[in-house]
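Student: What follows is a structure written as structure tokens; I'll ask about it next.
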Amino acid sequence: MTHTIAVLPGDGIGHEIVEQAQRVLGALGLDLTMEQAPVGGTAYDLHGHPLPEATLALAKRSQAILFGAVGGWNYDSLPREHRPEQAILGLRKNLGLFANLRPAILYPQLANASSLKPEIVSGLDILIIRELTGDIYFGQPRGMRVVQEGQFKGEQEGFDTMRYAESEVRRIARIGFEAAQKRSKKLCSVDKANVLETSQFWRDIVIDVSKDYPDVQLSHMYIDNAAMQLVRAPKEFDVIVTGNIFGDILSDEAAMLTGSIGMLPSASLNASNQGLYEPSHGSAPDIAGKNMANPLATILSAAMMLRYSLNEASAAARVEDAVKAVLEQGLRTADIYEAGTTKVSTSQMGDAVLKALN
Ligand code: IPM
Ligand code: MG
């Protein structure tokens, strides 16, 4: 069966890094079709919208989406609905990509890249599972209004709504428990149940779902404490499950623990395992077009795609092994370069991964 992949490179370094991932996918001897479409600022420039109809339609009919990155300085002053970020939010919402998996792995070869002491981070391998289509990101109502009563009466205010429906919490909790079952059987649910109704509800539902997974040891942590424990003793975590906004923040923090956000992939899945795969890093407009960016996060995202959406686990393992091999060979893009290693460009890194595949 032919696997269909929508390729949405986006802005900034998006094109350079996605190109390397496409080369890797194309070299695996699989039956794949890859169709490309504009997204983000690039799409806004071409079609006046960051997520044009045709791009959304392509994404919807594909099994998986290989996404680069969106955003750039020249788009920062656009009205919100035209900003590049709306493309990724629109894809998540329209495709129902509610489960975001963000592994944070410290590769032994890159142990010095972390800003934390090696003994605190060496061997780090955690998985953050972030709910991606609910919470304050999408809750209604939201907007601006004039305050009608109380202390701020007559003033303008901005407001958003934090909310979760029971089924939304149940389905992401299940993803968390199932991931924990395949790993160390420890799941930490992160919330702010001491203050927020939404979080108390989240916690109650997660506890209820836990009855179906008696082999998994469930713990709960408040978001502020989790942010602290993640830098104090990150290896005490294994799988973390949390809501959209807390997961946004914690996953950036976890990425930084590894010191190499240029290495970290991510997957966003819906109920039928259709998925969007993207590097955890952004569009890095400052180095765009310079053939300097690290393509490994995107290549590893392609590996996640093979595993989760295309059911090609052995091809996924081949790609991951090839990435480990190039690190072992001492090849480094500028972001992870250190004395004694060999600095390579984006395309040279792609060449090396292709070579290591064979
Ligand atoms: C992420 C990003 C997005 C988010 C932005 C670009 C809308 O920060 O994927 O974590 O907030 O979810
Ligand atoms: Mg983020």
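Student: Taking the stated definitions as given, is G289 assigned to a loop (DSSP other than H, G, I, E, B) and within 12 Å of I17 (Cα to Cα)?
Tutor: Judged against the criteria, G289 is a match.
Student: Give the residue that is farthest from M305 (Cα to Cα), with candidates limited to residues of the range 320-333 that are under 22 Å from the mean Cα position of the chain (by Cα) and open to solvent by 40 Å² or more (accessible area, probe 1.4 Å).
Tutor: Ranking the candidates gives K324 first.
Student: So, restricting to strands (runs of 3 or more DSSP E) that lie completely within the range 186-273, which ones have at least 2 residues that are open to solvent by 50 Å² or more (accessible area, probe 1.4 Å) and either under 29 Å from D160 (Cα atoms) or basic (K, R) (or both)?
Tutor: By residue number, 217-222.
Student: Still on this model: Out of all the residues in the range 170-184, which are under 15 Å from T133 (Cβ atoms) and either touching a strand residue (DSSP E or B) at 6+ places or on another chain (Cβ under 8 Å) or of a type in the set (F, W, Y) (or both)?
Tutor: Selection gives R171, I172, A173, I175.
Student: Also, I was wondering about something else. In the range 99-110, is there at least one residue being away from ligand 1 (no atom under 15 Å from the Cβ), without any contact (Cβ under 8 Å) to a residue 60 or more places away in the chain and not assigned by TED's automatic domain parsing to the domain that holds G275?
Tutor: yes
Student: For the range 61-69, check the following and say yes or no: at least one residue is in the same structural domain as I17 (by TED's automatic domain parsing), free of Cβ contacts under 8 Å to residues at least 12 places away in the same chain, more than 16 Å from ligand 1 (Cβ to nearest atom) and in a loop (DSSP other than H, G, I, E, B).
Tutor: Taking every residue of the range 61-69 in turn, none turns out to be in the same structural domain as I17 (by TED's automatic domain parsing), free of Cβ contacts under 8 Å to residues at least 12 places away in the same chain, more than 16 Å from ligand 1 (Cβ to nearest atom) and in a loop (DSSP other than H, G, I, E, B).
Student: Within the range 244-260, track down each residue that is within 12 Å of ligand 1 (Cβ to nearest atom) and in contact (Cβ under 8 Å) with a residue 40 or more places away in the chain.
Tutor: N244, I245, F246, G247, D248, L250, S251, A254, A255
Student: Can you tell me how many residues within the range 80-97 are more than 9 Å from ligand 1 (Cβ to nearest atom), open to solvent by 20 Å² or more (accessible area, probe 1.4 Å) and farther than 10 Å from Y44 by Cβ?
Tutor: 5
The values are calculated or read from the model by the stated rules, or taken from the named source; none is laboratory data. Note that the coordinates shown come from a computational prediction; the quantities given were computed from them, not determined experimentally. Backbone-built Cβ (ideal geometry, glycine too); neighbour counts: all protein chains shown. All accessible areas refer to the heavy atoms of the entire protein, side chains included, with ligands and DNA or RNA removed. Shrake-Rupley method; radii C 1.70, N 1.55, O 1.52, S 1.80 Å.
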